[in-house]
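The values are calculated or read from the model by the stated rules, or taken from the named source; none is laboratory data. Values in this document were obtained by computation on a predicted structure and should not be read as measured data. Glycine also receives a Cβ, built like all others from the backbone with ideal geometry; neighbour counts cover every protein chain displayed. Note: accessible area is taken over every heavy atom of the protein model, side chains too, but ligands, DNA and RNA are not part of it. Shrake-Rupley method; radii C 1.70, N 1.55, O 1.52, S 1.80 Å.
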Amino acid sequence: MIMDSETSFTADIALDVLQQVCADAGLDARGAELLGPVGDNAVWRLPLEGIVARIAWSTDALPSVRRELGVAAWLAKQDFPAVRVAACGDQPVIHRGRVVTFWEEIPKPQQASTAEMGTLLKRLHALPCPDDGLLTPYDPFARQHSHIDEATGINPTARAFLTTRLTELQNAHASLNFALPPGVIHGDAHRKNIVRAADGQVMLLDLERFSTGHPEWDLTVPAVYRRVGWYDDATYAAFAHAYGLDVTEWSGFPVLAQIRELRMTTWLASRTGREPRLIPEALHRIATLRDPALPRHWSPGT
């Protein structure tokens, strides 16, 4: 199969890349299990190796993948509980326009509680920033234009609305006055990226968007989950109490919440061309962005 980064990124394409890269590396890919939906990345568990493979959609992701590997090494030196790079030779591996990395599997992971998430993020935000240029400033609008362009399953009017909303929020973000000082942030601290291992240790996954930035961005994620109906009040309150701050009380929260909701919508919409089943949910999300008075009650995009 001939592939390049311009080919639509699907599970079948990712599996073909995985099998060929594993064969070259002497790894057994039999029984490979896809973990979650395919978006910018496809993540596969290799049950016979105790390894997880992460395949990025394009060589455009190479700078962030290299940074992710560097972040993992730095967190290990900080003795911070996070996913570790597997000892599988030189990484990343580039194969036919895709970028592959291998990670140690976390045994029997479960979603952490929101209280555990708050405690871990509090510890993360207290880390000193590395002084070697490893981290770059966080861009909350990364990949947004391309996600909108890729949203071929929705109509042009809906895509035009997303583009307009993106511009509006870029302007609003530029005027924000943050309450917390900048530092180390995860960048995508959603509920699937903080897990509890079999030994009870709570660990951080998916270091792709690790950056320097304002902690409010990480704190906005569980607050938005409450807005869209994925957390109830008590579940969110447990997070805020464990962290020691309720970001919804900050005046800039509505802007960050709208940015996060836009990202969640464009990411889902970008998959509609290859997953038409997601079109109704993408259009529902867009409708609620147009009219905040509508009940959100979003469905997860799995």
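Tell me, please, whether a residue that is more than 19 Å from the chain's Cα centre (by Cα), on the phi > 0 side of the Ramachandran plot and not basic (Lys, Arg) can be found in region 81-98.
yes
Which is surrounded by fewer than 19 Cβ atoms within 10 Å (Cβ to Cβ) and in a helix (DSSP H, G or I), of Leu262, Leu268, Leu256, Leu283?
The unique qualifying residue is Leu283.
Within the set of pairs 6 or more residues apart or between chains, which connect a residue that is in the same structural domain as Asp188 (by the TED database) inside region 201-225 to a residue that is of a type in the set (S, T, N, Q) and assigned to a helix (DSSP H, G or I) with Cβ atoms less than 7 Å apart?
Glu208/Ser64; Pro222/Thr114; Ala223/Thr248
Which ranges mark the strands (runs of 3 or more DSSP E) fully within region 41-127 that have 3 or more residues being closer than 20 Å to Ala29 by Cβ and touching a Pro at 6+ places or on another chain (Cβ under 7 Å)?
Filter on region 41-127 gives 98-104.
If a residue must be among the polar types (S, T, N, Q), open to solvent by 80 Å² or more (accessible area, probe 1.4 Å) and outside any loop (DSSP other than H, G, I, E, B), how many such residues does region 154-186 contain?
Of the residues in that region, 2 qualify.
Evaluate the following for Ala126: is it of a type in the set (Gly, Ala, Ser) and either open to solvent by less than 60 Å² (accessible area, probe 1.4 Å) or within 19 Å of the chain's Cα centre (by Cα) (or both)?
No: the conditions fail for Ala126.
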